[in-house]
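The structure under discussion appears below in the form of structure tokens.
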Amino acid sequence: MDEEILRLLREHPFTFLSGEEISRQLKVTRTAIWKRVKHLRDLGYEIEASTRSGYRLIQSPDLLIPSEIKPILETKWMGRVIHHFNIIDSTNSKAYQLALNGAEEGEVVIAESQDKGRGRLGRHWFSPPFLNLYLSIILRPKIPPHQASLITLVVAVATAEAIQKFSGLQPMIKWPNDILLRDRKVAGLLNEIHSEMDRIHFVILGIGVNLNMDEEMFSKEIREGATSLKREMGQTISRKAFLQCLLKELEGWYAIFLEEGGGPILKAWRERAQIKGKQVKVTSFGKTLVGMAVDVDSDGALILETEGGGKKRVVAGDVKYK
Ligand code: BTN
């Protein structure tokens, strides 16, 4: 009902809408409307109420709740079902559970904060409330499991494109899928897959974007290597507006991948990957490899030319530039 009330109020931006009219349209009592208006005010909506004239929406909060997001979405199917939480352990874990219970492709989980936000390689993802974006999307691609790693590239490209369209800045991708602005990490991706040998049940795309973090909010350990869009753009970021842009890019790039295969994705990914020709140290499954990054394979694996002259493929790991 909250969404319906907000929809009606938004249709009359300059005038009051009477409680009677709202209750007639939504077929509920005026007391029920008043209760929901009080609830919306608690969420941060500024709603003027007058006993004679009714209600008027003055301002909406920058919350990532469905009633704020749905009216502005520019996607056909992605994000049309939103599971929103003020706090959750991890949006990826929640999305995984929902997918196991039959949630459909395109459903998203969004949280204002996470207390067990998960990063790659078992790391923690710092997720303070109301500042950033913590998002997980359920996909059910009909592709063989060996192509699933390409989806990670799809998400990296789409996230980088969204940041560029939104900010005018030019993000780079650090292998495998960190998104950087001026060499500092602004977004991280954690994709998880549930599959059989020959069939993918679902993929969870986990995306964390630092939007409104100030420098001192990052822990000392990561401060030097991390940034936020606010810091790079010098202004507070509307999380809703960024989410709108991100979901549109994700839906668009995923469609390109399904229709045209990995080619266009790899091309876009390579254009943003700054790794080619760099001397790197890669930690992968407890081993350390040193060499020159020469390319990225068609499945997204990193190709290294090692000191002895041979070539090695690295499918997962952590890269440090030397
Ligand atoms: C990385 O280590 O770079 C990946 C970070 C991924 C963080 C996001 S936030 C939303 C989603 N839920 C999680 O628990 N992790 C991902």
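The values are calculated or read from the model by the stated rules, or taken from the named source; none is laboratory data. Predicted model only: the values in this text are computed from it and were never measured. Heads up, the Cβs are rebuilt from the backbone with ideal geometry, glycines too, and the neighbour counts pull from every protein chain shown.
Please verify whether the range 206-227 includes one or more residues that are assigned to a strand (DSSP E or B), within 16 Å of the ligand (Cβ to nearest atom) and surrounded by fewer than 18 Cβ atoms within 10 Å (Cβ to Cβ).
The answer is no, given that none of the residues of the range 206-227 is assigned to a strand (DSSP E or B), within 16 Å of the ligand (Cβ to nearest atom) and surrounded by fewer than 18 Cβ atoms within 10 Å (Cβ to Cβ).
Can you name the residue in the range 295-312 that is of a type in the set (A, V, I, L, M) and in contact with a Gly (Cβ under 8 Å, 6 or more places away or on another chain) and is also surrounded by the fewest Cβ atoms within 10 Å (Cβ to Cβ) among such residues?
The qualifying residue surrounded by the fewest Cβ atoms within 10 Å (Cβ to Cβ) is LEU304.
Considering only the range 72-104, state which residues are outside any helix (DSSP H, G or I), of a type in the set (S, T, N, Q) and within 18 Å of ASN191 (Cβ to Cβ).
The answer is SER90, and nothing else.
Across the range 299-314, which residue is farthest from ARG182 (Cα to Cα) among those that are modelled with pLDDT of 85 or more and part of a loop (DSSP other than H, G, I, E, B)? Walk me through how you get there before you give the answer.
Kept after step one, since they are modelled with pLDDT of 85 or more, are these residues of the range 299-314: 301-306, 310-314.
Those still in the list that are part of a loop (DSSP other than H, G, I, E, B) too: 301, 310.
Details: ALA301: 24, GLY310: 32 Å.
Looking at residues that are modelled with pLDDT of 85 or more and part of a loop (DSSP other than H, G, I, E, B), I get GLY310.
Residues to consider are PHE257, PHE285; find the one that is at pLDDT below 90 and either within 24 Å of PRO145 (Cα to Cα) or among the β-branched types (Val, Ile, Thr) (or both).
The unique qualifying residue is PHE285.
If you go through the range 5-22 one residue at a time, do you hit one that is over 35 Å from the mean Cα position of the chain (by Cα) and more than 13 Å from ARG56 (Cβ to Cβ)?
So far as the range 5-22 goes, yes, one or more of its residues are over 35 Å from the mean Cα position of the chain (by Cα) and more than 13 Å from ARG56 (Cβ to Cβ).
Based on what the data block shows, is PRO141 in a loop (DSSP other than H, G, I, E, B), within 16 Å of the ligand (Cβ to nearest atom) and either out of contact with any Asp or Glu (no Cβ under 6 Å at 6 or more places or on another chain) or not charged (D, E, K, R) (or both)?
Considered against the rule, which asks whether it is in a loop (DSSP other than H, G, I, E, B), within 16 Å of the ligand (Cβ to nearest atom) and either out of contact with any Asp or Glu (no Cβ under 6 Å at 6 or more places or on another chain) or not charged (D, E, K, R) (or both), PRO141 comes out as no.
Which of (1) touching a helix residue (DSSP H, G or I) at 6+ places or on another chain (Cβ under 6 Å); (2) assigned to a loop (DSSP other than H, G, I, E, B); (3) of a type outside the set (Lys, Arg) is the odd one out, the single condition LEU63 does not satisfy?
Unmet condition: (1).
Suppose we keep only residues that are touching a residue at least 60 places away in the same chain (Cβ under 8 Å) and more than 16 Å from the ligand (Cβ to nearest atom) within the range 70-96. Which one would you say is surrounded by the most Cβ atoms within 10 Å (Cβ to Cβ)?
Going through the qualifying residues, I end up with LEU73.
Please go through the range 144-171 and give me each residue that is in a loop (DSSP other than H, G, I, E, B), at pLDDT below 95 and buried (at least 20 other Cβ atoms within 10 Å of the Cβ), ordered by number.
Within the range 144-171, no residue meets the criteria.
Which residue out of LYS27, LYS76, LYS38 is closer than 28 Å to LEU205 by Cβ and out of contact with any strand residue (DSSP E or B) (no Cβ under 6 Å at 6 or more places or on another chain)? Full working, then the answer.
On the way: LYS27 fails: closer than 28 Å to LEU205 by Cβ; LYS38 fails: closer than 28 Å to LEU205 by Cβ.
Residue meeting the stated conditions: LYS76.
Just one of ILE69, ILE110 is over 27 Å from LEU302 (Cβ atoms), assigned to a strand (DSSP E or B), aliphatic (A, V, I, L, M) and within 16 Å of the chain's Cα centre (by Cα); which is it?
Within the list ILE69, ILE110, the selection yields ILE110.
Kindly indicate which of GLY286, GLY277, GLY262 is of a type in the set (Gly, Ala, Ser) and surrounded by 13 or more Cβ atoms within 10 Å (Cβ to Cβ).
Going through GLY286, GLY277, GLY262 in turn, just one is of a type in the set (Gly, Ala, Ser) and surrounded by 13 or more Cβ atoms within 10 Å (Cβ to Cβ): GLY262.
Would you check if there is a residue in the range 106-116 being more than 29 Å from ILE222 (Cβ to Cβ), more than 15 Å from the ligand (Cβ to nearest atom) and surrounded by fewer than 18 Cβ atoms within 10 Å (Cβ to Cβ)?
So the first thing to find is which residues in the range 106-116 are more than 29 Å from ILE222 (Cβ to Cβ), and the list is 106-107.
Narrowing further to those that are more than 15 Å from the ligand (Cβ to nearest atom): 106.
From what is left, the residues that are surrounded by fewer than 18 Cβ atoms within 10 Å (Cβ to Cβ) are none.
Within the range 106-116, not a single residue is more than 29 Å from ILE222 (Cβ to Cβ), more than 15 Å from the ligand (Cβ to nearest atom) and surrounded by fewer than 18 Cβ atoms within 10 Å (Cβ to Cβ).
Of the residues that make up the range 127-134, is at least one crowded, with 22+ Cβ neighbours inside 10 Å, within 24 Å of SER195 (Cβ to Cβ) and modelled with pLDDT of 95 or more?
No, the conditions are met nowhere in the range 127-134.
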